[in-house]
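Read-outs throughout are calculated quantities, based only on the coordinates presented, and are distinct from any laboratory measurement. Just so it is clear, the structure is predicted and the values come from calculations on it, not from any experiment. Don't worry about glycine lacking a Cβ; one is built from the backbone with ideal geometry, like all the others, and counts go over all protein chains shown.
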Amino acid sequence: MLPEKFIIHIDMDAFFASIEQAINPRLKNKPLIVGSRNNKLRTVVCAASYEAKHYGIHSGMSSQDAFKLCPNLEFVPADQSKYIWTSEEILKLVKTYGYETLYASIDEFQLDVKNTPNPKILAEIIQKQIRETFHIGLSIGISKNRILSKLASKLDKPNGIPLIDENNLIETLQKTPVEKLCGVGPKTQIILHKLGINSCLDLYQKPDKFLEQFFGKNGNYLYVSLHGDENLEIETASQAKSIGHSYTLNKATRNPGFIKAWFRLLAEAVGSRLRQNNLVAHTIHIYIGGEQMANFSIQKTYKEATCDGYDIYLRALKIYPEIAQKTPQIRALGLTCSSLAQNNYPPLFEKQKRGEALTKTLDKINAKFGSNTIYPAVITLTKE
Ligand SMILES: [Mg+2]
């Protein structure tokens, strides 16, 4: 029997690299990496095109290693403004379908399409429209809850639209390794394997209480992620108590430049959404997720509110050292702003302020890190 409701999980394929290929036809169908800095031999891979992935290149890897695997690799320094702009345009487009929509991360969006009779056809229409509008690929997963739909989106990349429902649930879970499930990091994976839980089906067959015994609250999360018929919790702009973004890295990393680059990008994305909703925030909250499912977080409230991406980033960097050592490797990070208030700047003035802020930002980077770091709107503003 079909479940009564569906969540559609949209996951852009090789997002940053695809955007660069869409903008510059010379890069189409070529192995390409997007680097966190503009020195192509001294940076970290932020994103790899599918053509580059075929050589074993992945994000988090040093660009030197990437060039060893593929000497003809194309290189583009990351440009966060393009990625945030595209992400927000995609969000606007998916919202026009009229369903409750969740901005899950910069390249992931979830729609609660409830009991739509044929979610697969709807997903095909959405996929086609996004592809034709932005000229970039995307995979869509469909299932009864957020975790299963996210899992589905990974099963047939790129450009797939897998659906997990009651008809293929068992078969799909059986052939999917448990580590593919969102929230299962390397350490959890080791414990699961010791318990004889190798596939998602092994996990599915364990009772809630059994998982709780070994993983506490996270055990319940694991159980619900496969069994739950979850409701999307949507925060609309008018009732939002917080605005946040998060990202799960393909591989765990300890590289400080890479981590800071991601905080910069998340801060810009959060700042941009605050400004769109004419809000400013007093509190900043960051978290890092380690190899285990546990997250470590810290927050700080400031008297002076902000909606400026660079300010948010600097505030994040100030509190980050307090949690940085809590986990040897970082796999996920998030940044949320709360204690929101209406921004009292008139929009026109705010626009001018943004222009000035951008210039100031570039000046600050120049002064702080030296001119060889400068690249307008580069994703990372840090030395490794
Ligand atoms: Mg993606």
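For segment 1-164, build the charge dipole from Cβ charges (+1 Lys, Arg; -1 Asp, Glu) around the Cα centre, then report which of ILE130, LEU69, LEU91 sits farthest towards its positive end.
Sorting the options by dipole projection puts first LEU69.
From the Cα gyration tensor of segment 90-214, with a ≥ b ≥ c the square roots of its eigenvalues, which class applies: rounded if a/c is under 1.5, or else prolate if a/b is larger than b/c, or else oblate?
It is prolate, given that a/c is not under 1.5 and a/b is the larger ratio.
Find the all-direction average of the projected area of the Cα convex hull for segment 1-164, expressing the result in square nanometres with one decimal place.
Details: hull surface 36.9 nm².
If you wrap the Cα atoms of segment 1-164 in a convex hull and average its projections, you get 9.2 nm².
Counting other C-beta atoms within 10 Å, which of ASP11, ASP208 has the fewest, and how do the rest follow?
On the way: ASP11 23, ASP208 13.
Sorted ascending by nearby Cβ count, the order is ASP208, ASP11.
Measuring from centroid to centroid over Cα atoms, what is the spacing of segment 244-273 and segment 124-202 in Å?
What the calculation gives is 23 Å, centre to centre.
Order these by the 10 Å Cβ neighbour count, fewest first: SER246, SER149, SER87, SER338. Don't skip to the answer; put the middle values down first.
Values: SER246 19, SER149 27, SER87 22, SER338 16.
Fewest-to-most ranking of SER246, SER149, SER87, SER338: SER338, SER246, SER87, SER149.
May I ask you to sort PHE75, PHE16, PHE210 by Cβ crowding, counting other Cβ atoms within 10 Å and putting the fewest first?
Arranged by neighbour count, lowest to highest, PHE75, PHE16, PHE210 become PHE210, PHE75, PHE16.
Enter the Cα centre distance for the pair segment 42-78 and segment 321-345, rounded to the nearest angstrom.
If you average the Cα positions of each part, the centres end up 28 Å apart.
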